[in-house]
Amino acid sequence: WERQEGVLRSLALLAEHSEEMRQSIAGGGAVPLIQSALAAETHPAVQAAACTCLRGLSRSVLNLRTHLADADVAPRLLRCLRPALSRDLQAEALAAAANLLLPCSSLREQL
């Protein structure tokens, strides 16, 4: 699980500052990795890293309307907000959800 967490955190850092990089990451197959990492049976640190990566990718309006909307990540993200989970995971999930709630996001209605 540590390797998966590291990959997701690295992708999140790359996506943080560049629209071109966000597009490359989303178009290059990172979204299915995020989807699987948000599954209930994965380690909480991996889920938190997936939320961080999702937050980075969701800074792109194009990603919000295409890759992320098609991937149906909102329900998985909402599961990370359950009270029984760690506060770190909840904080990362809430930060990602904030980006998905923007008026330009097609995921807004799912949340």
Taking the Cα centre of the chain as origin, work out the dipole magnitude from +1 charges on Lys and Arg Cβ and -1 charges on Asp and Glu Cβ, in debye rounded to 20. 180
At a Förster distance of 25 Å, what's the computed FRET efficiency of residue 81 paired with residue 18, Cβ-Cβ distance as r, to 0.05? 0.30
Heavy-atom accessible surface of the chain: percent carbon and sulfur, 1.4 Å: 55
Quick check: residue separation of residue 94 and residue 36 times 0.36 nm, minus the Cα distance between them. What number comes out in nm? 19.0 nm
Please state, as a whole number in µm²/s, the translational diffusion coefficient that the Stokes-Einstein equation yields for the chain at 4 °C and 1.567 mPa s, with Rh defined as the Kirkwood radius across alpha carbon pairs. 97
What's the extension gain from residue 101 to residue 3 if we count 0.36 nm per residue and subtract their Cα-Cα distance? 32.3 nm
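The values are calculated or read from the model by the stated rules, or taken from the named source; none is laboratory data. As the structure is a computational prediction, the values presented were derived from the model and not from experiment. Because the Cβ atoms are built from the backbone with ideal geometry, glycine has one as well, and the counts that use them run over all protein chains shown. To get the accessible areas, we keep the full protein, side chains included, count just its heavy atoms, and leave off ligands, DNA and RNA. Shrake-Rupley method; radii C 1.70, N 1.55, O 1.52, S 1.80 Å.
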